[in-house]
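The values are calculated or read from the model by the stated rules, or taken from the named source; none is laboratory data. Computed from a predicted structure; not experimentally measured. Because the Cβ atoms are built from the backbone with ideal geometry, glycine has one as well, and the counts that use them run over all protein chains shown. The area values use the complete protein model at the heavy-atom level, side chains included, leaving out ligands, DNA and RNA. Shrake-Rupley method; radii C 1.70, N 1.55, O 1.52, S 1.80 Å.
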Number of protein chains: 2
Amino acid sequence: MSLEFSIEQTNGKARAGRLETPHAEIQTPVFMPVGTIASVKGVPQDTLEELGAQIILGNTYHLYLRPGVETVRKLGGLHGFMTWNRAILTDSGGFQVFSLSQLRKVSEEGVTFRSHLDGSSHFFSPESAMEAQIGLGADILMAFDECTEYPADRARVEESMAMTARWAARSKQYFEQHKHRVPWSQAGAEALERPARQSSAPNPAKAGRNSEPFPASGSPRLTNASSPTYAGQTQSLFGIVQGGMDPALRKESAERTIEVGFPGYAIGGLSVGEPRELTREIVRSTLEHLPADKPRYLMGVGTPEEIVEYANLGVDMMDCVLPTRAARHGLLFTSEGKVSIKQARYARDAGPLDPNCRCRVCQRYSRAYLRHLYASNEVLAQVLNTIHNLSFYLDTMQRVRHSILLGEEYRFLSGAGLDRNLEL
Amino acid sequence: MSLEFSIEQTNGKARAGRLETPHAEIQTPVFMPVGTIASVKGVPQDTLEELGAQIILGNTYHLYLRPGVETVRKLGGLHGFMTWNRAILTDSGGFQVFSLSQLRKVSEEGVTFRSHLDGSSHFFSPESAMEAQIGLGADILMAFDECTEYPADRARVEESMAMTARWAARSKQYFEQHKHRVPWSQAGAEALERPARQSSAPNPAKAGRNSEPFPASGSPRLTNASSPTYAGQTQSLFGIVQGGMDPALRKESAERTIEVGFPGYAIGGLSVGEPRELTREIVRSTLEHLPADKPRYLMGVGTPEEIVEYANLGVDMMDCVLPTRAARHGLLFTSEGKVSIKQARYARDAGPLDPNCRCRVCQRYSRAYLRHLYASNEVLAQVLNTIHNLSFYLDTMQRVRHSILLGEEYRFLSGAGLDRNLEL
C-alpha cells in the first residue's frame, strides 16, 4: 500500500489520524508549509525538519516552468532534488494557471496559458499535469481541476464543476497507467538509470569526482532511488471537489469525485476572494459529503484561528502561504496576537517575540533585534520571521491534535486577534 | 587583563596564537566574518557558531546610523543586541566614512559627512568614534583613522598619516577615560540600569511580560551584563597604521602608533584600488615594524589565497566581505576552484558543491539545487551560499593554523584558481 490512513481518535467532528506515505508517516491534522519551487522561502531543509514539518507542498505550475520537470526527475524527483526525505505533496497546477498566468484559454481538452516569467506558451491537460507530477515524484499528487472564479453565476459554476469531474476521471486514468514511472520507485529508478549515465558520459573525470561521496551521478544521496524501501510503492492521487459557493453543486461535485474514486479528497476553489463566512459555510457543508475514512485536505487556508477551526470541523490536511508570506512582510503570529515587527514601538523591546514560543527565534532574539533586521531590510529578517511563523502554525496544529487525543477542544485565548484583517 | 595574546608556535614568520578577550578566547590566525549592521547577511547566529566563527566584525558607521548607538547600548551592547556571546570587533567608522558617505569634510577636529541612507549630516571625531564604539561594546575597538585615498601624492599621504597618528593619541585618551562605560562591565551595567528602568516604566504590563523569561527589561538574557564574568573587564583599543603605498611612511606610521601604545595593531588603508602586488609589498614591509608580541590585524583582505599568504607572513587577524558578498553573487569558493553557480552547466549536476567540504551545504545539497535556487532568485540561495563560503574561509584559516602548529606551510593545491580576477 502506498497510502494508509487510520483515525486514532475522534472528538466531535475532529479527527486525529495517521497518514502513511512512501516517505513518511504523517500525524494529522497536519499543516503543510508551502515550498513553491522546491524551497520554503528562506528556510534550509534541516531547519524545517527541526520545526517538525512532516510534509511540504510544491507547486507544479512553478516547478514545471523552473527548473522544469525533466531536471527534477533526473535528480530523483523533488525528494532527491531538494534533499527532503519526508513527505511531499504537489498541487495540480490548476490554481496557479488561473491565478498567475495571462491569456489562458480553457477547453475540454485542457488549458493553454502563458508563463508569468517570460510569456512563453504552455498547455496543461489532466494527462500532462499527471505526467508532470509523476516526474516531480511527490508522495501525494492532485487531480487537474479548474478553479472556478469568484463570483460566478450558477450555470458557469456548474459547467466548471462538471468539467473538473471529467478531468478527475482522466487524471486518474492517466495516473494509474503511468504511476510506475515515479523516479523513486524500483521501476522508476531503473528507467532513470540510462539517461543519467548518458548525461554524465561526456565528462568522465567529473562523473568520477561526483561519485564520491555521492553514490552515483544522476542519483543523489538522499533520494534512496534504488532503496528497497520504496520498491513497488507509488504516489497517491487525490481528487478535488469544486462547485463554487453553491452547497448543492459542492455536494454534486463531491459525489462525482467520489464516484471516480480516490484515496483522499481535497476541497478546492476557496480563498478566491469570497467573504470568510462563506468559506466556512462551504467547508462545513462540503465536509458532510466526504467519506469519513479518507483524508480530507482543505486547500489554501488560512489564518491560525481558521486552521484550528477547520481541524475542529474534521479537516485533516491544510496548506497556506500565509505564515511564510506574512513573515516576509514583517507580520508575525504569536500567542498574544499579531505583531507587526516593523513598528517603532519594538525598537528597544528586549523581550522575545513570543514568550510562549519555544522556537529558536523566540529563544534567542529580542523584538528589538528582529525589528532592526526588518527595518534595515536584512535577509536574516525573512529567515527568522519565517522560521517563527512556521513554528507557530506547526505548533498550533500539534496542539490541536493533542487536544483531540485528550477529548478537549483547542481554542486560542480570546483576544489573540489572529483572525483580523490580513492585508499583505 | 581584558586582552591577552600569547604565541603558541611560530613557523617562519607565521604564528599560531591565542587571543583572550572578555567574551571569548580566539585561536589565531583568525578570519573574522563581517556582520555589518549586527548581522552576517543571511546567516543566523547559531549557524555562525556551528561554523566555528570565533569573532565577528561590526561596522561602526552602519550601526551608528541604524539602529543607532543608544539603542544598541540600551540592549546590552552588540553582544546583547544580536545575542552573540563570542568576541566582536568594531571598526572605527573611518573606512566607511571615506568609501560610502557623500560630501565629507575632513579637518583636524574630525569628519563631517552625510549619511548614505538619508543624506543627514553627522560628525565623527576620534572622541565621538570612541564614544560610539564604547556604546556598541565590542571586545576590540579601533582607533579613529583617516583612510588615505589611492592614488595620492607623498605630501598628501604624509599629512594624512600624521593626522591619523594624532587621532590615535586622542582616541586612546578618550577611550582610557571612558572605557568603564562599556555596557557589559559591572560599572557599565549599573550605569545602564537607570535609563533602562525608566524606559520601561510607562508600560508596566509590558515590562512585566518581558521580564519572563528574560531576566529584566533592558538587559536581555545573553548579555550577561551583570555577570561577574566581566567584572572589571573592559574593551581593548587597537591602533591603525596608515601611510598609503609608501614603505617609509608606513614605517613612520607604525612607529608613531606604537609610541601611542596599543595592545594590538592593524594595517589599514589597503584594498583601496591598488594592484595586488603593491598590497603584498606594503603588508610585508609594514609587518616588519610591528611588535612581535602583539596581535596584528590586516583590515579588509582578501581572497582565500591571500588570507593564507598573509597568515604565512605573520598576520594574526583578517576580515573581508568577499566570502559573504561573493556568495550573494553566486560565486563560491571550493577546494577545486571557484564555482559560478549560476552557470547552466550545473543545472543537472548531482554532485556536491565541494566534495572536500564538510559544511552542512556540501553535505546535503547538490550543485543542481544550488543553481536552481540562485537562478530562481530564492532567498535560500543567499543563505546557503554564504554558509558555504564562510565555512570555506574559516576552515582554510583553521588549516593554516594547524599547519603552523605542525611546522608545515599550508598551500592551496595548484590550479585552484581562487586568486583570479574577482569582479563582483
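Overview of values
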read-out	value
Residue match in segment B:352-374 (condition: under 23 Å from A:SER39 (Cα atoms), open to solvent by less than 10 Å² (accessible area, probe 1.4 Å), more than 25 Å from the chain's Cα centre (by Cα) and among the small types (Gly, Ala, Ser))	yes
Test for B:LEU89: is it closer than 27 Å to B:SER185 by Cβ, touching a helix residue (DSSP H, G or I) at 6+ places or on another chain (Cβ under 8 Å) and either open to solvent by less than 10 Å² (accessible area, probe 1.4 Å) or at pLDDT 95 or above (or both)	no
Positions within segment A:72-99 being in contact with a strand residue (DSSP E or B) (Cβ under 8 Å, 6 or more places away or on another chain), part of a helix (DSSP H, G or I) and facing chain B (nearest Cβ under 9 Å), in sequence order	A:GLY80, A:PHE81
Cross-chain or 6+ apart pairs with Cβ under 6 Å, segment B:121-149 first and under 20 Å from B:VAL241 (Cβ atoms), then buried (at least 24 other Cβ atoms within 10 Å of the Cβ) and charged (D, E, K, R)	B:MET142/B:ASP91
Within segment B:72-93, tally of residues that are out of contact with any Phe, Trp or Tyr (no Cβ under 6 Å at 6 or more places or on another chain) and closer than 12 Å to B:ASN59 by Cβ	5
Test: residue in segment B:131-142 that is assigned to a loop (DSSP other than H, G, I, E, B), of a type in the set (S, T, N, Q), crowded, with 24+ Cβ neighbours inside 10 Å and touching a helix residue (DSSP H, G or I) at 6+ places or on another chain (Cβ under 8 Å)	no
Every residue from segment A:375-393 that is without any contact (Cβ under 8 Å) to a residue 40 or more places away in the chain and surrounded by fewer than 24 Cβ atoms within 10 Å (Cβ to Cβ)	A:ALA375, A:SER376, A:ASN377, A:GLU378
Selection count, segment B:306-345, where residues are in contact with a strand residue (DSSP E or B) (Cβ under 9 Å, 6 or more places away or on another chain), more than 19 Å from B:THR386 (Cβ to Cβ) and within 11 Å of chain A (Cβ to nearest Cβ)	0
Filter pass, B:LYS338 being in contact (Cβ under 8 Å) with a residue 40 or more places away in the chain, within 27 Å of B:SER6 (Cα to Cα) and either surrounded by fewer than 23 Cβ atoms within 10 Å (Cβ to Cβ) or of a type in the set (A, V, I, L, M) (or both)	no
Residue within segment A:394-402 that is facing another protein chain (nearest Cβ under 7 Å), open to solvent by 10 Å² or more (accessible area, probe 1.4 Å) and under 27 Å from A:GLU306 (Cα atoms) present	no
Matching residues, segment A:231-253, being assigned to a helix (DSSP H, G or I) and surrounded by fewer than 24 Cβ atoms within 10 Å (Cβ to Cβ)	A:PRO247, A:ALA248, A:LEU249, A:LYS251, A:GLU252
Matching residues in segment B:346-373 - criterion: being facing another protein chain (nearest Cβ under 7 Å), of a type in the set (Phe, Trp, Tyr) and not in a loop (DSSP other than H, G, I, E, B)	B:TYR369
Residues satisfying the stated conditions in segment A:235-277, i.e. modelled with pLDDT of 95 or more and of a type in the set (S, T, N, Q)	A:GLN235, A:SER236, A:GLN242, A:SER253, A:THR257
Subset of segment A:49-71 (residues that are within 11 Å of chain B (Cβ to nearest Cβ) and either in contact with a strand residue (DSSP E or B) (Cβ under 9 Å, 6 or more places away or on another chain) or at pLDDT below 95 (or both))	A:LEU63, A:LEU65
Any chance B:GLU159 is within 19 Å of B:ASP246 (Cβ to Cβ) and either surrounded by 17 or more Cβ atoms within 10 Å (Cβ to Cβ) or not polar (S, T, N, Q) (or both)	yes
Candidate set: segment B:301-321, residues that are part of a helix (DSSP H, G or I) and open to solvent by 10 Å² or more (accessible area, probe 1.4 Å); chosen: the one nearest to B:LEU278 (Cα to Cα)	B:GLU309
Of all residues in segment A:322-335 being in a helix (DSSP H, G or I) and out of contact with any Gly (no Cβ under 9 Å at 6 or more places or on another chain), the one that is surrounded by the most Cβ atoms within 10 Å (Cβ to Cβ)	A:PRO323
B:ARG296, sole failed condition from (1) more than 9 Å from chain A (Cβ to nearest Cβ); (2) open to solvent by less than 10 Å² (accessible area, probe 1.4 Å); (3) not acidic (Asp, Glu)	(2)
Scope segment A:18-43; condition open to solvent by less than 10 Å² (accessible area, probe 1.4 Å), within 14 Å of chain B (Cβ to nearest Cβ), more than 23 Å from A:MET130 (Cα to Cα) and in contact with a Lys or Arg (Cβ under 9 Å, 6 or more places away or on another chain); matching residues	A:GLY42
Residues located in segment B:100-124, provided they are exposed (fewer than 14 other Cβ atoms within 10 Å of the Cβ) and either within 19 Å of B:GLU159 (Cα to Cα) or touching a strand residue (DSSP E or B) at 6+ places or on another chain (Cβ under 9 Å) (or both)	B:GLN102, B:LEU103, B:LYS105, B:SER107, B:GLU108, B:GLU109, B:GLY119, B:SER120, B:SER121, B:PHE123
Pair list, Cβ < 8 Å and 6+ apart or interchain, from segment A:291-311 residues that are within 13 Å of A:ALA14 (Cβ to Cβ) to residues that are acidic (Asp, Glu)	A:ARG296/A:ASP316
